[in-house]
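Notes for the one structure printed next.
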Amino acid sequence: MDPYLLQGAKRKMIETLRNKGITDENVLSALEKTDRHLFVESYLWNRAYDDVPLPIQCAQTISQPSTVAFQTQLLSVNKSCKVLEIGTGSGYQAAVLGAMGAKVFSVERHVELFVRTKEILQKIDPKIILKCGDGFAGLPVFAPFDRIIVTCGAPNVPPALLSQLAPGGIMVIPVGLGTQVMKRITKSMDGVVTEETFGDFVFVPMLENKSKRT
Ligand code: SAH
């Protein structure tokens, strides 16, 4: 992509995010640093910095920048955070978290998408650890996590994810069938769980069955 066009498109995207209420400068600068066009097919590059979801492989979508920014802002990530993402998809959200300095683990159920995204992220941020598997199970081997972000619409808060959230941790998860309510779940240092809600969103569904082979 032409560097001048890229810079202009990114500047416009950041302005849109500010207008939509994103105030965390660390989040804004992570989105500015991350080249969203690298996560979509080249025929979509002219729309890569518009605030819209775009199609990716396996009939999935890359979330719109304002949703990525909103979830990331709710997550309050800092450099010392170990973060688990459920629903790697294109890898864009994982790369944004990586750009914030977090140690990122991400799980995707689609083998085909997993293989492709692994190849892309290897070049962009090889520190990100990607696993193919069922997000409902989390990643017990690497638990606990300071932060957990779910980027598909969950039917409920998976108990395994809650148990893999560290004391003092935060989980951001859209919950619901069809339309989801964005929830921020906080676990206190002594294990007490509290929940807040942040409006309606529409994500592709978090699917119950195990990792998909086609
Ligand atoms: N964070 C992604 C958004 C991808 S869409 C991005 O930045 O592009 C949500 C993803 O969740 C899809 O790729 C879908 O295959 C995946 N998904 C759905 N159910 C899942 C499950 N049970 N475990 C892991 N991934 C799942």
Original post:
Is it the case that Ile185 is part of a strand (DSSP E or B) and under 25 Å from Ile56 (Cβ atoms)?
Top reply: no
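Yes/no matrix, rows are residues, columns are (1) of a type in the set (A, V, I, L, M); (2) on the phi > 0 side of the Ramachandran plot; (3) in contact with a Gly (Cβ under 6 Å, 6 or more places away or on another chain); (4) more than 6 Å from the ligand (Cβ to nearest atom):
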{"site": "Gln71", "(1), (2), (3), (4)": "no, no, no, yes"}
{"site": "Val77", "(1), (2), (3), (4)": "yes, no, no, yes"}
{"site": "Leu84", "(1), (2), (3), (4)": "yes, no, no, yes"}
{"site": "Gly91", "(1), (2), (3), (4)": "no, yes, no, yes"}
{"site": "Ala94", "(1), (2), (3), (4)": "yes, no, no, yes"}
{"site": "Ala102", "(1), (2), (3), (4)": "yes, no, no, yes"}
{"site": "Ser106", "(1), (2), (3), (4)": "no, no, no, yes"}
Subject >> helices (runs of 4 or more DSSP H) enclosed by the stretch 1-87 - at least 2 residues per element that are out of contact with any helix residue (DSSP H, G or I) (no Cβ under 8 Å at 6 or more places or on another chain) and within 21 Å of Phe105 (Cβ to Cβ) >> reply: 65-75
**OP:** Would you tally the residues in the stretch 114-131 being assigned to a strand (DSSP E or B) and among the hydroxyl-bearing types (Ser, Thr, Tyr)?
**Re:** 0
Original post:
Are any residues in the stretch 145-165 farther than 18 Å from Leu207 by Cα and touching a residue at least 60 places away in the same chain (Cβ under 8 Å), and if so, which ones?
Top reply: Phe145, Asp146, Arg147, Gln164
**OP:** Read through the list (1) outside any strand (DSSP E or B); (2) at pLDDT 95 or above; (3) more than 12 Å from the ligand (Cβ to nearest atom), then give the number of the only condition that Ala160 fails.
**Re:** (3)
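The values are calculated or read from the model by the stated rules, or taken from the named source; none is laboratory data. Not measured: the values here are computed from a predicted model. Note that each Cβ is placed from the backbone with ideal geometry, even for glycine, and that neighbours are counted across all protein chains shown.
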